Amino acid sequence: LQKANCHYRWLSISAKLFQPDLHFDRPRLVGVWKDIHFEKQKMDYYSTFIQEAPLAIAMFDRNMQYMNCSNKWRTDYNLEEVPIIGISHYEIFPEISDAWKLDHQRCLAGETLRCDEDLFLRADGREQWIRWEIRPWFDENQSIGGIIMYTEDITKRKETEKRLKLSQQAFEANFTNGAIGMAIIGKNGEWLQVNERICKMLDYSSEELKQKTFQEITHPDDLE
């Protein structure tokens, strides 16, 4: 609404149409005007902050419809060209599990929830690992207006961990079943890990070797 000083003020207007009755011979409109200027300014601030944030952030109303999201959110979920504002989160991601939907309801009831790593099985069969946090946001009446959701795509990290685990398993198999004597020795000469072959070569059990250092069983002339 434009004021007399040419400045604008945001209002929320609701109205109801009443038909003619015994008291009024013409239709009439009864309305309520509510000043939401400061609430609108706060929401504009939220919107600017969210859009420019370097993190994947989305803001939802109580019906889990998008109110805003960051550019990083669109990038992480391939939504650059998708109009999502006003659309349900569950329509954008129909594969969202019932467990996550329950978490959203808990958040709408006032809880703040987080998870350091969670598997998101996408509709196209892809596995996307994410770290997430959800917390309620509050309106001017201190009522819960919806949810703010933070996510981080950790898929690459999880894939790296998986490759490292497979590599470690392969090393362990080769180490344990190796045809040659193998050992892992600490900086001070302690036997940290030995395979069966080296135990037979040295005529020690693995427990006996781990009680010694390699200096103790090495000829003095060879120590240097």
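The values are calculated or read from the model by the stated rules, or taken from the named source; none is laboratory data. A quick note: this is a predicted structure, and the numbers were derived from the prediction, not measured. Neighbour counts run over all protein chains shown; Cβ positions are idealised from the backbone, glycine included. Areas reflect the complete protein model, heavy atoms only, side chains present, ligands, DNA and RNA absent. Shrake-Rupley method; radii C 1.70, N 1.55, O 1.52, S 1.80 Å.
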- In the chain, with Lys and Arg counted as +1 and Asp and Glu as -1 at Cβ, which of these residues, 86, 97, 174, has the Cα nearest the positive end of the dipole, that is, farthest along it? 86
- Residues of region 57-72 with amide nitrogen under 16 Å from the 7 Å Cα-to-Cβ point of residue 133? 57-59
- Message: Could you check the spin-label model distance between residue 126 and residue 160? Points 7 Å from the Cα along Cα→Cβ, value in nm.
- Response: 1.9
- Mean separation of Cα contacts under 8 Å (6+ apart) over length of the chain, as relative contact order %: 11
- Each residue of region 169-184 in order: what ³J(HN,Hα) in whole Hz does its phi give by Karplus 6.51 cos²θ - 1.76 cosθ + 1.60, θ = phi - 60°, with x for Gly and Pro? 5, 5, 4, 4, 5, 5, 5, 5, 9, x, 7, 10, x, 9, 8, 10
- Query: So how far apart, in nm, are the two label points at residue 113 and residue 174 if each is 7 Å from Cα heading toward Cβ?
  - Reply: 4.4
- Query: Can you give the calculated 222 nm mean residue ellipticity of the chain, where each DSSP H run of n ≥ 4 adds -39,500 (n - 2.57) and the sum is split over every residue, rounded to the nearest 500 deg cm²/dmol?
  - Reply: -9500 deg cm²/dmol
- On a 0 to 90° scale, report how tilted helix 37-52 is relative to the longest principal axis of the chain, with both axes built from alpha carbons and the result rounded to the nearest 10. 30
- Residues whose modelled amide H sits under 5 Å from the amide H of residue 87, counting only those 5 or more places away in sequence or on another chain, are 66
- Query: Out of residues 5 or more away from residue 212 or on other chains, whose amide H comes under 5 Å of its own, with H placed 1.01 Å from N in the peptide plane?
  - Reply: 191
- Under the Karplus relation with 6.51, -1.76 and 1.60 and θ = phi - 60°, whole-Hz ³J(HN,Hα) for region 103-112, x at Gly and Pro, equal 4, 4, 5, 5, 5, 5, 8, x, 7, 9
- Message: Give the aspartates and glutamates whose C-alpha is closer than 20 Å to that of residue 16, dropping any in the same chain fewer than 8 places away, or say none.
- Response: 25, 35
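Placing +1 at every Lys and Arg Cβ and -1 at every Asp and Glu Cβ, with all other atoms neutral, what dipole size does the chain have around its Cα centre, in debye to the nearest 20?
Values: 29 positive and 37 negative charges, 247 e Å.
That gives the chain a dipole magnitude of about 1180 debye.
Once fully extended, how much extra length lies between residue 81 and residue 223, figured as 0.36 nm per residue of separation less the alpha-carbon to alpha-carbon distance?
On the way: separation 142, 0.36 × 142 = 51.12 nm, distance 6.81 nm.
Here the segment from residue 81 to residue 223 would lengthen by 44.3 nm.
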- Give me the accessible area of residue 126, 1.4 Å probe, in Å² rounded to the nearest 10. 100
- Item | Spin-label model distance (nm) - residue 187 vs residue 215, 7 Å beyond Cα toward Cβ | 1.4
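Would you please name the trypsin sites (Lys or Arg not before Pro) within region 180-217 that are DSSP coil residues with at most 11 other C-beta atoms within 10 Å of their C-beta?
Taking region 180-217 and a limit of 11 other Cβ atoms within 10 Å, the loop trypsin sites (Lys or Arg not before Pro) found are 187.
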